[in-house]
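Structure first, then comments.
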Ligand code: NDP
Ligand code: MG
């Protein structure tokens, strides 16, 4: 690669952060770890600072002094800044070439938008940013000449299967002369694919977050168990590739070897295959359009048994149905769905509700939270107002439900 790129990893202490930093460490000639952020796992962040010596580091506002003291004790002079304003500052720092957006949930929205406004190269893991503000985000990317490279494995796979000119300009790709007919998002089906709905109803946190193929953070692991993750990814794909939801199919592929596909008019299906390891899409996005060694295990094609493809059961995995419904209704609905789901997942992780209640809660929020339609030029405040209304509604609903559910949980 030509120039040494300065990278900011927002969400450095998480699962995507781990994979990203493993690649950056292995390619220190090409990349400089300029900035890191963490939220609760600050001991881990301190270790990362010792390893990478970033120029800037962001922690929650009330932890800035304490963290700065610890860095000084360790003989490090990184600048410590705090909270959402600190994240925004790093995302738009003139020294930064690329921002890895790997904070989970709505907390990652503001800094991702800032990176777009600052014209950065954005390596996007935080799918919730597109679910909440896809149109705003894509329009900022275009206006400010930013580059958006998907890290989410399915979207990265699709990106790789599209011609270079579409990679550069995603406008209405199905109407272009390249003959894109459909996209196929593959899904593993999560830990409950082979189990009944009744089994899912009684599943505890440990079983729900134990994904068969991928090792990920807690929130996305629960989303995979309900298939809300695929629903969020469907919405993410609509924005990234400028397609209506009916041009995107979801297929369960339990082996997680094919990471997604593009179907063309002439009957060709282009797929990207690889081991289920996030280091591959992250390395692709870091070095795009060149290629570097990601450190992931090569596929042992001779050891692979059959590759299966199964239609998703939309009754058992109602969240997937809700995502399509929300995408058809408009951005205000996808914001409500995302917010309700974040609150419901937190409540499940806190053992206040059952796994299968998440879909019911999301459905109620979609039908009961009354918000006006958003226009394409909606402001971030308009978006956050809807997000807030949906969170408050969902908290109240869960408060009412939790008492009744407690008696039914084993
Ligand atoms: P993790 O839970 O492992 O990590 C989340 C990161 O966000 C951590 O660094 C965490 O800090 C930070 N964080 C959490 N809350 C806040 C907050 N309020 N303010 C600032 N920082 C915060 O999640 P993952 O790495 O698994 O996922 C990150 C994103 O990437 C998600 O949007 C997910 O959907 C997406 N993604 C993940 C994949 C995966 O394989 N893991 C695959 C595809 C997409 P701390 O840990 O210090 O509290
Ligand atoms: Mg994914």
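The values are calculated or read from the model by the stated rules, or taken from the named source; none is laboratory data. Just so it is clear, the structure is predicted and the values come from calculations on it, not from any experiment. Cβ: placed from backbone, ideal geometry, glycine included. Neighbour counts: every protein chain shown.
When 323, 372, 385, 376 are checked against the criterion of being in contact (Cβ under 8 Å) with a residue 24 or more places away in the chain and part of a helix (DSSP H, G or I), 323 stands alone in meeting it.
Considering the conditions (1) closer than 29 Å to residue 133 by Cβ; (2) over 22 Å from the mean Cα position of the chain (by Cα); (3) within 16 Å of ligand 1 (Cβ to nearest atom), residue 280 is excluded by exactly one of them, (2).
Under the condition of being within 12 Å of ligand 1 (Cβ to nearest atom) and part of a helix (DSSP H, G or I), the residues counted in segment 92-113 number 8.
Of the residues making up segment 4-16, those that are more than 16 Å from ligand 2 (Cβ to nearest atom) and touching a residue at least 60 places away in the same chain (Cβ under 8 Å) are 5, 6, 7, 8, 9, 10, 12. Of the residues making up segment 151-186, those that are part of a strand (DSSP E or B) and either outside the structural domain of residue 249 (by TED's automatic domain parsing) or away from ligand 1 (no atom under 16 Å from the Cβ) (or both) are 180, 181, 182, 183, 184. Within segment 110-136, the residues that satisfy the criterion of being farther than 23 Å from residue 320 by Cα, buried (at least 20 other Cβ atoms within 10 Å of the Cβ) and more than 16 Å from ligand 2 (Cβ to nearest atom) are 111, 112, 113, 114, 115, 116, 120, 122, 136. On the stretch given as segment 114-128, residues that are more than 14 Å from ligand 1 (Cβ to nearest atom) and either closer than 21 Å to residue 218 by Cα or touching a helix residue (DSSP H, G or I) at 6+ places or on another chain (Cβ under 6 Å) (or both) total 3. Quick check: anything in segment 62-74 outside any helix (DSSP H, G or I) and surrounded by 16 or more Cβ atoms within 10 Å (Cβ to Cβ)? Taking every residue of segment 62-74 in turn, none turns out to be outside any helix (DSSP H, G or I) and surrounded by 16 or more Cβ atoms within 10 Å (Cβ to Cβ).
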